[in-house]
Amino acid sequence: MTARNISRFWEWGRKIICVGRNYADHAKELKNAIPSEPVLFLKPPSAYVTEGFPILVPLYTNNLHHEVELGVVIGKAGTSIPQSDAMDHVAGYALCLDMTARDIQDECKSKGLPWTLAKAFNTSCPVSEFIPKERIRDPGNVRLWLKVNDQLRQSGCTAHMIFSIPYLISYISEVISLEEGDLILTGTPKGVSAVQEHDELQAGIEDVVSMRFKVARKDH
Ligand SMILES: O=C([O-])CC(=O)C(=O)O
Ligand SMILES: [Mg+2]
């Protein structure tokens with residue numbers, strides 16, 4: 001058996017831990033309160049999709065949104081990681097989309113139900129190629145952007161995260177042990193909007209990476 005390569009972390013079957021409402025401008029656009037503690041939810045590894053494959057719109061939504069986010073790939077396992085050691089547990093990054101069935105999420109919110117159907121469906125986590133840690137010197141200060149059919153929809157800077165990457169690693173690992181190959185999605189800045197079948201999404205991290213995905217309707 002060949003050694004597993006972290007640059008294909010999405011094939012490892014590890015956890016995807018997502019942080020919600022980590023940018024005040026996005027919390028505001030959806031009329032949510034600014035959180036005093038991180039809001040967490042999970043996606044299963046079956047949510048991964050890589051370039052060359054389409055993002056599939058679930059049959060039960062009429063309002064699928066894009067959310068561009070910086071993903072942090074864990075390279076060293078840990079529990080109760082202190083903030084001061086947190087960056088030693090990072091192998092690298094990936095640009096990610098947290099695809100969200102907004103109509104279903106709104107329904108879940110109003111009924112007090114979990115967001116699984118809104119956030120965790122197949123292809124709900126498109127990812128870029130793996131970005132080795134050295135290629136982003138300051139992950140707390142990079143610009144993320146997303147275009148739909150060449151129109152800029154999201155442009156935000158990770159400097160505006162409410163909770164920093166070291167804080168998130170420490171906070172999450174207190175509750176959920178982190179393992180090599182896990183991915184943390186750090187939340188989206190403002191500008192989320194609906195996508196339709198045949199749309200093309202392009203997203204990037206300035207000077208570091210860009211990626212492209214088509215949207216397709218799931219077959220019955
Ligand atoms: O659905 C939401 O608004 C929460 C979320 O994932 C984010 O803020 O990135
Ligand atoms: Mg999100």
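The values are calculated or read from the model by the stated rules, or taken from the named source; none is laboratory data. If you're wondering where the values come from, they're calculated on a predicted model, not measured in any experiment. Because the Cβ atoms are built from the backbone with ideal geometry, glycine has one as well, and the counts that use them run over all protein chains shown.
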### Message
One residue is enough: does region 157-176 have a residue meeting the conditions part of a strand (DSSP E or B), more than 16 Å from ligand 1 (Cβ to nearest atom) and more than 15 Å from the chain's Cα centre (by Cα)?
### Response
no
### Query
Taking Glu129 and the conditions (1) among the acidic types (Asp, Glu); (2) away from ligand 1 (no atom under 16 Å from the Cβ); (3) without any contact (Cβ under 8 Å) to a residue 40 or more places away in the chain, which numbered condition does it fall short on, given that it satisfies the others?
(3)
## Note on the structure
Pairing a residue in region 35-60 that is surrounded by 13 or more Cβ atoms within 10 Å (Cβ to Cβ) with any residue that is aromatic (Phe, Trp, Tyr) and in a strand (DSSP E or B), where Cβ atoms lie under 6 Å and the two sit 6 or more apart in sequence or on different chains, gives Ile55/Phe213
### Message
Here is a check on your reading of the model: is Ile184 within 16 Å of ligand 1 (Cβ to nearest atom) and in contact with a helix residue (DSSP H, G or I) (Cβ under 9 Å, 6 or more places away or on another chain)?
### Response
yes
### Message
Would you confirm whether or not region 103-114 contains a residue that is within 14 Å of ligand 2 (Cβ to nearest atom) and in contact (Cβ under 8 Å) with a residue 60 or more places away in the chain?
### Response
no
### Task
Return yes when Tyr48 is aromatic (Phe, Trp, Tyr) and within 16 Å of ligand 1 (Cβ to nearest atom) and no when it is not.
no
### Query
List the pairs whose first member sits in region 4-29 and is within 11 Å of ligand 2 (Cβ to nearest atom), whose second member is aromatic (Phe, Trp, Tyr), and whose Cβ atoms are under 6 Å apart, counting only residues at least 6 apart or on separate chains?
Cys18/Phe41; Asn22/Phe163
### Message
Regarding region 145-154, can at least one residue be identified that is more than 24 Å from Thr61 (Cβ to Cβ), in contact (Cβ under 8 Å) with a residue 60 or more places away in the chain and touching a strand residue (DSSP E or B) at 6+ places or on another chain (Cβ under 9 Å)?
### Response
yes
### Unique residue being charged (D, E, K, R) and within 18 Å of Met211 (Cα to Cα) when the list is Lys76, Lys119, Lys147, Lys109
Lys147
### Message
Only one of Asn122, Asn62 is under 20 Å from the mean Cα position of the chain (by Cα), modelled with pLDDT of 95 or more and away from ligand 1 (no atom under 11 Å from the Cβ). Can you tell me which?
### Response
Asn122
### Task
Within region 195-209, work out how many residues are of a type outside the set (Asp, Glu) and without any contact (Cβ under 8 Å) to a residue 12 or more places away in the chain.
0
### Query
Before we move on, is Val192 surrounded by 14 or more Cβ atoms within 10 Å (Cβ to Cβ), farther than 25 Å from Asp88 by Cα and in contact (Cβ under 8 Å) with a residue 60 or more places away in the chain?
yes
### Message
Checking Asn149 against (1) out of contact with any Lys or Arg (no Cβ under 7 Å at 6 or more places or on another chain); (2) within 15 Å of ligand 2 (Cβ to nearest atom), only one condition comes out false. Which one?
### Response
(2)
### Query
Is there a residue being among the hydrophobic types (A, V, I, L, M, F, W, C), at pLDDT 95 or above, farther than 16 Å from Ile162 by Cα and in contact with a strand residue (DSSP E or B) (Cβ under 9 Å, 6 or more places away or on another chain) anywhere in region 30-39?
no
### Query
Pick from Asn122, Asn63: which is surrounded by 13 or more Cβ atoms within 10 Å (Cβ to Cβ), closer than 23 Å to Asp199 by Cα and out of contact with any Ser or Thr (no Cβ under 8 Å at 6 or more places or on another chain)?
Asn63
